[in-house]
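The values are calculated or read from the model by the stated rules, or taken from the named source; none is laboratory data. Note that this is a predicted model, so its numbers are computed, not measured. As a convention, Cβ positions derive from the backbone with ideal geometry for all residues, glycine included, and neighbour counts pool all protein chains shown. Ligands, DNA and RNA are stripped out before the accessible areas are found, and what is left, the full protein with its side chains, is counted by its heavy atoms. Shrake-Rupley method; radii C 1.70, N 1.55, O 1.52, S 1.80 Å.
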Amino acid sequence: MSGKRKRVVLTIKDKLDIIRKLEDGAPPKRLAAAYGIGETTVRDIRKNKEKIISYASSSDSTSLLAKRKSMKPSMYEELDRAMLEWFNQQRARGRPVSGPICAKRAEFFFYALGMDGDFNPSAGWLTRFKQRHSIREVNIRNERPNGDQAAVEDFCNSFRDFVERENLQPEQIYNADETGLFWKCLPARTSGVRGKGSAPGHRSSEERITVMCCANATGLHKLKLCVVGGARKPRSFKATDTVNLPVSYFSRRGAWMDLSIFRQWFDKIFVPQVREHLRSKGLQEKAVLLLGNSPTHPNENVLRSEDGQIFAKYLPPNVAPLIQPLDQGVIAATKRNYRAGLLQNNLEEGNDLKSFWKRLTLLDALYEVAMAWNLVKPVTISRAWKQILPTIEEKEGLVFDEEDISVATVATLLQHTRGLESPTTENIERWLEVDSTEPGYEVLTDTEIIKRAQGQTDESSENEEEDTELVPEKHIDHAAALQWTENLLDYLEQQGDMILPDRLVIRKLRATIRNKQKMTNSSQ
């Protein structure tokens, strides 16, 4: 008879490793044996997955997570949740946070939450708050919110030393950043169009998505855009499988990025695609992802491949606004390409702007924004890294040029757009930059922070999303698709003005459908 199993107390890092292995399909029984614990413990870890990940994401220290064995709760849990939410938002926005500022804010939340008793936000309380969430330090009190050039130089020198020490090439250095996109926002002063989405600055939750761009420092590896929409299956998707979309699509109420989505993207999309790219280049499968301090970005402890070779590194809060690569014109170029592309499509279809925008769906927008990202040139991305990695231009032999999409280009498109009065340069610029400061994360007011800390949610918004998700799917078989393709080819052959490449594309599509049909028939 075997002896009694020795009691094993797992660290937070151990629990994170078990969660990752469970998601990869490892059987609980095997994990229990490997870690010397019971299967019930493994099931409990899976049940508390989000709680463990959320705790680890709020930690500033990898070494502490490797030692800490419990998520000791605060005596005032609601206050703790509110303070952590507030602190993460301040850090993401680069705002100064000192001990006295934290104490004052904690006192405000204590009474706003309607908590009983006396509360003294002493230095001891602040120390315990930092320890609970493994926060090493708060920002320096006199730190400027919009960045500090001296801090930029310090970080750049430190990062270059890190790159040399880790023996990383520009091909192995990535940046990702989110932004909000008002995908159905019309240019200003459109004749006959007044109402939803008709003017720059209009903010409709139904017409806003979060878009995350990610690319390496050479600009030669651009990952598919990550897009967060408000509904799991919007009406316009119909029978479209989200796996086949030109973007990596996720959903969340309000279309905001969150910790869970970002972690899924990192583990399931970023890591595999980076490995594949580096293999194709004959490079070691090792990479770093440089990130800003968004509240929706899990901590470095969570963003790490199983072998530890692909991992995240964070820009200091007072530095990110000045040098985050994708914020140096890359995201702006994508948005300009997107809006110019919509105008071009409208011209090609010969419609007035009002009817074109009315028919524009989220599915159309996803294809257009994917094309806009593809049009961003590698040199545009490399140029955005020049402050952090000034040697890229020399090593890669890149010649920087200007982007094609300018205000003048858009103005020319608008001059030929029916249903639009002659817009001023100021109006065009306002339209192109309508969401330039829109973050990819939800910025909560004090009232919203309090509601979230108390576990309250917006019931109506969730119900509306559920309603939008009820989409009947229509299956199209190979025979029907082939018949439509034949009809389209017949139509093109009858049109004397259709160019040869258009017909060749459809012929290639027809051949693909025929092959799929043969494979299906042979397997039956």
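Scanning segment 5-20 for residues that are in a helix (DSSP H, G or I), aliphatic (A, V, I, L, M) and modelled with pLDDT of 85 or more returns 18, 19. One residue stands out in segment 21-74 among those that are assigned to a loop (DSSP other than H, G, I, E, B) and surrounded by 18 or more Cβ atoms within 10 Å (Cβ to Cβ): the one that is modelled with the highest pLDDT, namely 37. One residue alone among 366, 375 is within 21 Å of residue 226 (Cβ to Cβ), modelled with pLDDT of 80 or more, among the aliphatic types (A, V, I, L, M) and open to solvent by 70 Å² or more (accessible area, probe 1.4 Å), and that residue is 375. Consider segment 212-231 and keep the residues that are assigned to a loop (DSSP other than H, G, I, E, B) and closer than 18 Å to residue 442 by Cβ. The one that is most open to solvent (accessible area, probe 1.4 Å) is 230. Looking across segment 232-258 at every residue that is in contact with a strand residue (DSSP E or B) (Cβ under 7 Å, 6 or more places away or on another chain) and assigned to a helix (DSSP H, G or I), the one that is surrounded by the fewest Cβ atoms within 10 Å (Cβ to Cβ) is identified as 242. In segment 478-506, of all residues being within 24 Å of residue 241 (Cα to Cα) and open to solvent by 80 Å² or more (accessible area, probe 1.4 Å), the one that is modelled with the highest pLDDT corresponds to 483.
For segment 81-110, how many residues are among the acidic types (Asp, Glu) and without any contact (Cβ under 8 Å) to a residue 40 or more places away in the chain? Break it down stepwise before answering.
We begin by selecting, within segment 81-110, every residue among the acidic types (Asp, Glu); these are 85, 107.
So of that shortlist, the ones also without any contact (Cβ under 8 Å) to a residue 40 or more places away in the chain come out as 107.
Residues meeting the conditions: 1.
Of 335, 358, all but one fail to be of a type in the set (Lys, Arg) and surrounded by fewer than 19 Cβ atoms within 10 Å (Cβ to Cβ); the exception is 358. Take residue 403 and tell me if it is of a type in the set (D, E, K, R), modelled with pLDDT of 70 or more and either under 30 Å from residue 174 (Cβ atoms) or part of a loop (DSSP other than H, G, I, E, B) (or both). The answer is no for residue 403. Any idea which residue in segment 259-276 is farthest from residue 181 (Cα to Cα), counting only those that are open to solvent by 20 Å² or more (accessible area, probe 1.4 Å) and in contact (Cβ under 8 Å) with a residue 60 or more places away in the chain? By that ranking, first place goes to 267.
Quick one: which residue in 361, 380 is of a type in the set (Val, Ile, Thr) and closer than 18 Å to residue 409 by Cβ?
Numbers: 361 fails: closer than 18 Å to residue 409 by Cβ.
Every option except 380 fails the conditions.
Of the numbered criteria (1) free of Cβ contacts under 8 Å to residues at least 12 places away in the same chain; (2) in a helix (DSSP H, G or I), the one residue 373 fails is (1). Just one of (1) open to solvent by 20 Å² or more (accessible area, probe 1.4 Å); (2) touching a Lys or Arg at 6+ places or on another chain (Cβ under 8 Å) fails for residue 298. It is (1). Of the set (1) modelled with pLDDT under 95; (2) crowded, with 17+ Cβ neighbours inside 10 Å; (3) of a type in the set (Asp, Glu), all apply to residue 171 but (1).
The set of residues in segment 100-117 that are modelled with pLDDT under 85 and either touching a helix residue (DSSP H, G or I) at 6+ places or on another chain (Cβ under 8 Å) or open to solvent by less than 50 Å² (accessible area, probe 1.4 Å) (or both) contains only 115.
Of the conditions (1) at pLDDT below 80; (2) open to solvent by less than 60 Å² (accessible area, probe 1.4 Å); (3) not in a helix (DSSP H, G or I), residue 473 clears all except one; give me its number. Unmet for residue 473, out of (1) at pLDDT below 80; (2) open to solvent by less than 60 Å² (accessible area, probe 1.4 Å); (3) not in a helix (DSSP H, G or I): (2). The set of residues in segment 425-458 that are part of a loop (DSSP other than H, G, I, E, B), more than 17 Å from residue 182 (Cα to Cα), at pLDDT 70 or above and polar (S, T, N, Q) comprises 445, 454.
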